[in-house]
Amino acid sequence: MQADLTMGNLAGALTLQSEEAALIAELRAGSEEAFAWLIAHFHQPIYSLLARTVHDRADAADLTQEVFVKVFRGMSNFHGESSLRTWIYRIALHEASNQRRWWMRHKQQEIPIEQEINEGECGVPVRLKDMLVDRPKGPMKLRCMRRTGLSLRRP
């Protein structure tokens, strides 16, 4: 009985390896159908992994797309030393790590839009959001604003 289970597991593993080898060959040949199957099969698990890693659904969705772009572009670099699944997961974790590292470096440079950044005229503090208002500069814009009744004064 035990020998039957072992032989069955071995046969199943060989079948999976041959199916994966065929898929890899199709991916390397540029098959759109193979790539569509790969995305359909791995999209949800990769997205779930990334969502748990970066804790932001939008970032996880963007990273998931990046992972599949890297898989598509890097198929020629896949040597088969691991399974295709392991290789894709490694790319995903590497992308998540890169994103976290980038975020930590750039978060220190963020300025909240409500923060007062300097003093304007007459020593009055100015907020960044007040500086980002697009003021009309040309005569055509001024004329259009007057016709529509929009105010040119600051709120």
- prompt: Mind listing the phi-derived Karplus ³J(HN,Hα) values for region 48-56, rounded to whole Hz, using 6.51, -1.76 and 1.60 with θ = phi - 60°, and x for any glycine or proline?
  reply: 4, 4, 5, 5, 6, 7, 9, 6, 8
- line: Given backbone amide H placed at 1.01 Å from N, residues whose amide H is under 5 Å from that of Glu116, ignoring those fewer than 5 places away on the same chain, are none
task: State, to one decimal in nm, how far the label point of Arg85 lies from the label point of Ala29, with both points 7 Å from Cα in the Cβ direction.
output: 2.5 nm
query: Ordered by residue, what ³J(HN,Hα) values in Hz, to whole numbers, does region 58-72 give under the Karplus form 6.51 cos²θ - 1.76 cosθ + 1.60, where θ = phi - 60° and Gly and Pro are x?
result: 5, 5, 5, 5, 5, 5, 4, 5, 4, 4, 5, 5, 5, 5, 4
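Bear in mind these aren't lab numbers, they're just calculated from the coordinates by the rules spelled out. Bear in mind that the values here come from a model prediction, so they are computed numbers and not experimental data. Neighbour counts run over all protein chains shown; Cβ positions are idealised from the backbone, glycine included.
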